[in-house]
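Novice: Below is one structure. I have some questions about it.
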Amino acid sequence: MRYARYIFGLLYVLAGLAKAFPDIENVPQTLRTAAFNNTGTILEPISRWLADHGGVVTVIVGVALFASGVSYLFDRLVMAAAVGQLAMIACFIAILAKTTPEIVAIDLPFAIVAILLIRDKLQKRRAPATPPTAKQDDLRQRASAVTQNR
């Protein structure tokens, strides 16, 4: 999981930085296109709002992606970053699916890694606090107590 965290952390940092360069990805234009394509759907109001505030959305998304990447790289607040990424990916897919159908295939690996990171962190939280040697000693003591009582 560590290598996936590093790879996807680096990809998030690069994606966050790319938002600052319209030649690489013109977010306001993409949002305007999405708003047009979402006309007449339940997503029209939010699509229109995002398109009207394209500059602010670009900054927010860029900072969020960059911060998530740094979080993944340095293994700090990974759970929060992964949950935030899942929410952002769901929003990206909902808003952009008509405009850019390949967004599902592009974002799916990122969602999978986020889910795996969350699972990994939850499993580590549930791990016993006692070292394995202490556990083995405890089991031996219990076994000897049971045999002595017979």
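Novice: List the pair-distance distribution P(r) of segment 1-135, using every Cα-Cα distance, as the percent of pairs falling in each 5 Å bin from 0 up to the bin containing the longest distance, rounded to whole percents.
Specialist: 2, 10, 17, 20, 17, 13, 8, 5, 3, 2, 2, 1, 0
Novice: If R₀ is 22 angstrom, what is the calculated FRET efficiency for the pair residue 1 and residue 125, using the beta carbon separation as r and rounding to 0.05?
Specialist: 0.90
Novice: Further, regarding this structure: How much of the accessible area of segment 1-45, in percent, comes from carbon and sulfur atoms when a 1.4 Å probe is used?
Specialist: Carbon-and-sulfur percentage of accessible area, whole number: 68.
Novice: Obtain the nm distance between the two label points defined at residue 116 and residue 70 by a simple spin-label model: each point lies 7 Å from its Cα along the Cα-to-C-beta direction.
Specialist: 2.6
The values are calculated or read from the model by the stated rules, or taken from the named source; none is laboratory data. Note that the structure is predicted; figures quoted are calculated from it, not measured. Positions of Cβ are backbone-derived with ideal geometry, glycine not excepted, and every protein chain shown enters the neighbour counts. The accessibility values were calculated without ligands, DNA or RNA, using every heavy atom of the protein model including side chains. Shrake-Rupley method; radii C 1.70, N 1.55, O 1.52, S 1.80 Å.
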